[in-house]
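Colleague: I have a structure here, written as structure tokens, and I will follow up with some questions on it.
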Amino acid sequence: MATDVKPNSALVLHSGGQDSTTCLAWALDKYDDVKVVSFDYGQRHKIEIESAKKIADHLNLEHKVIEIDLFKELTNNALVNHSAEVAEGADGELPTTFVDGRNIVFLTTAAIYAKQMGIPNIVTGVCQTDYSGYPDCRDEFIKSLNETLKLGMEFPFEIHTPLMFLTKAETVKLIDELGKLDLMKYTHTCYEGKSPACGKCPACKLRLKGFEEAGTQDPIDYE
Ligand SMILES: [Zn+2]
């Protein structure tokens, strides 16, 4: 059965963090019809999904939360195993928060949902600049999956990655230029799940460095 394609519509993958929020601002600037999807995959902190909900509500956007249980079953790492310690990877090693195949599952799931609504544009905040070693965040992977999704579902998907080659500071500047910097106050980044944020975990440090380099004040509170 053919699905009507709505070229001016987009589905944004939203984690509640600053990168996906910037992607949402980018999509709102570019498309008339924007919908949001988040994944509840057993991540350490529900506060991330709460942030995503708050932002979608604030913008009056339709927001779908899809539960994905398989990572809890299949992997043992700091993001979904809540007793494991969060640590930065040593040289050349992946950080303990790496979940194999996460973006393959997220993007494929998002595509299935998007196609039902006739949405060809899928927007994700993956980035290979602050590259933590995640192979499914690379441009090469995204292009490859894009082809696979088109073939596998016979639908003209286009995966957009507006942050792929930006630094964290450039990401802050982008959302500022799009006039949506105020959304940053609803975002959650801290791996420790703290609000006010801890300011010390790898995620907080990267966020703070980005704002500092952009010369902009981070609107969230820190301990
Ligand atoms: Zn933190």
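Colleague: For segment 104-135, give me each residue that is of a type outside the set (A, V, I, L, M), out of contact with any Leu (no Cβ under 8 Å at 6 or more places or on another chain) and more than 18 Å from Thr167 (Cα to Cα).
Modeller: Applying the first criterion (of a type outside the set (A, V, I, L, M)) to segment 104-135 yields 106, 108-109, 113, 115-116, 118, 120-121, 124-125, 127-135.
Those still in the list that are out of contact with any Leu (no Cβ under 8 Å at 6 or more places or on another chain) too: 109, 115-116, 118, 120, 128, 131, 135.
If the condition is that a residue be of a type outside the set (A, V, I, L, M), out of contact with any Leu (no Cβ under 8 Å at 6 or more places or on another chain) and more than 18 Å from Thr167 (Cα to Cα), then Thr109, Lys115, Gln116, Gly118, Pro120 are the ones that fit.
Colleague: Conditions: (1) within 16 Å of the ligand (Cβ to nearest atom); (2) more than 21 Å from Asn103 (Cβ to Cβ). Asp176 meets all but one. Number of the miss?
Modeller: (1)
Colleague: Could you list, in sequence order, all residues of segment 181-194 that are more than 10 Å from the ligand (Cβ to nearest atom) and either among the hydroxyl-bearing types (Ser, Thr, Tyr) or assigned to a loop (DSSP other than H, G, I, E, B) (or both)? Give the steps one after another, and end with the answer.
Modeller: As a first pass, look at segment 181-194 and keep what is more than 10 Å from the ligand (Cβ to nearest atom): 181-187.
Answer for segment 181-194, where residues must be more than 10 Å from the ligand (Cβ to nearest atom) and either among the hydroxyl-bearing types (Ser, Thr, Tyr) or assigned to a loop (DSSP other than H, G, I, E, B) (or both): Tyr186, Thr187.
Conditions tested, residue by residue: (1) surrounded by fewer than 16 Cβ atoms within 10 Å (Cβ to Cβ); (2) in contact with a Cys (Cβ under 7 Å, 6 or more places away or on another chain).
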{"residue": "Thr129", "(1), (2)": "yes, no"}
{"residue": "Gly133", "(1), (2)": "yes, no"}
{"residue": "Cys137", "(1), (2)": "no, yes"}
{"residue": "Glu154", "(1), (2)": "yes, no"}
{"residue": "Phe157", "(1), (2)": "no, no"}
{"residue": "Thr161", "(1), (2)": "no, no"}
{"residue": "Met164", "(1), (2)": "no, yes"}
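Colleague: I'd like to check something: does segment 139-152 contain any residue that is within 14 Å of the ligand (Cβ to nearest atom) and not β-branched (Val, Ile, Thr)? Before the answer, list the steps.
Modeller: Residues of segment 139-152 that are within 14 Å of the ligand (Cβ to nearest atom), as a first pass: none.
No; the residues of segment 139-152 include none that is within 14 Å of the ligand (Cβ to nearest atom) and not β-branched (Val, Ile, Thr).
Colleague: Look through segment 161-180, keep the residues that are of a type in the set (Ser, Thr, Tyr) and assigned to a loop (DSSP other than H, G, I, E, B), and return whichever of them is modelled with the highest pLDDT.
Modeller: At the first step, the residues of segment 161-180 found to be of a type in the set (Ser, Thr, Tyr) are 161, 167, 171.
Retained after the next criterion (residues that are assigned to a loop (DSSP other than H, G, I, E, B)): 161, 167.
Details: Thr161: 97, Thr167: 92.
Residue satisfying both the conditions and the ranking: Thr161.
Colleague: Further, regarding this structure: Can you run down the residue pairs with Cβ atoms below 6 Å, 6 or more apart or on separate chains, where the first is in segment 182-205 and over 21 Å from Thr22 (Cβ atoms) and modelled with pLDDT of 90 or more and the partner is of a type outside the set (A, V, I, L, M, F, W, C) and part of a loop (DSSP other than H, G, I, E, B)?
Modeller: Pairs that qualify, where the first residue is over 21 Å from Thr22 (Cβ atoms) and modelled with pLDDT of 90 or more and the partner is of a type outside the set (A, V, I, L, M, F, W, C) and part of a loop (DSSP other than H, G, I, E, B), are Pro196/Asp221; Pro196/Glu223; Cys198/Glu192; Cys198/Glu223.
Colleague: For segment 38-49, what are the residues that are in contact (Cβ under 8 Å) with a residue 60 or more places away in the chain and part of a helix (DSSP H, G or I)?
Modeller: Here is the first cut: in segment 38-49, the residues in contact (Cβ under 8 Å) with a residue 60 or more places away in the chain are 39, 41, 44-45, 47-48.
Result: Ile47, Glu48.
Colleague: Against the condition touching a residue at least 12 places away in the same chain (Cβ under 8 Å), within 16 Å of the ligand (Cβ to nearest atom) and crowded, with 16+ Cβ neighbours inside 10 Å, how does Thr171 come out, does it pass?
Modeller: On the way: touching a residue at least 12 places away in the same chain (Cβ under 8 Å): yes; within 16 Å of the ligand (Cβ to nearest atom): no; crowded, with 16+ Cβ neighbours inside 10 Å: yes.
The answer is no for Thr171.
Colleague: Here's a check for you: in segment 204-223, which residue that is of a type in the set (Gly, Ala, Ser) and surrounded by fewer than 21 Cβ atoms within 10 Å (Cβ to Cβ) is farthest from the ligand (Cβ to nearest atom)?
Modeller: Applying the first criterion (of a type in the set (Gly, Ala, Ser)) to segment 204-223 yields 210, 214-215.
If we keep only those that are surrounded by fewer than 21 Cβ atoms within 10 Å (Cβ to Cβ) too, we end up with 214-215.
Numbers: Ala214: 19, Gly215: 22 Å.
Applying the filter and picking the extreme gives Gly215.
Colleague: Collect the residues in segment 50-73 that are part of a helix (DSSP H, G or I), of a type in the set (Asp, Glu) and at pLDDT 95 or above, keeping them in residue-number order. Walk me through how you get there before you give the answer.
Modeller: As a first pass, look at segment 50-73 and keep what is part of a helix (DSSP H, G or I): 50-59, 70-73.
Still in the list and also of a type in the set (Asp, Glu): 50, 57, 73.
Listed by number, the list holds a single entry, Asp57.
Colleague: Being more than 16 Å from the ligand (Cβ to nearest atom), farther than 21 Å from Ser38 by Cβ, small (Gly, Ala, Ser) and in contact with a helix residue (DSSP H, G or I) (Cβ under 6 Å, 6 or more places away or on another chain) is the requirement here; does Ala111 meet it?
Modeller: On the way: more than 16 Å from the ligand (Cβ to nearest atom): yes; farther than 21 Å from Ser38 by Cβ: no; small (Gly, Ala, Ser): yes; in contact with a helix residue (DSSP H, G or I) (Cβ under 6 Å, 6 or more places away or on another chain): yes.
Criteria not met by Ala111.
The values are calculated or read from the model by the stated rules, or taken from the named source; none is laboratory data. Just so it is clear, the model here is predicted, and its values are computed rather than measured. Ideal geometry is used to build each Cβ from the backbone, glycine not excepted, and the neighbour counts take in all protein chains shown.
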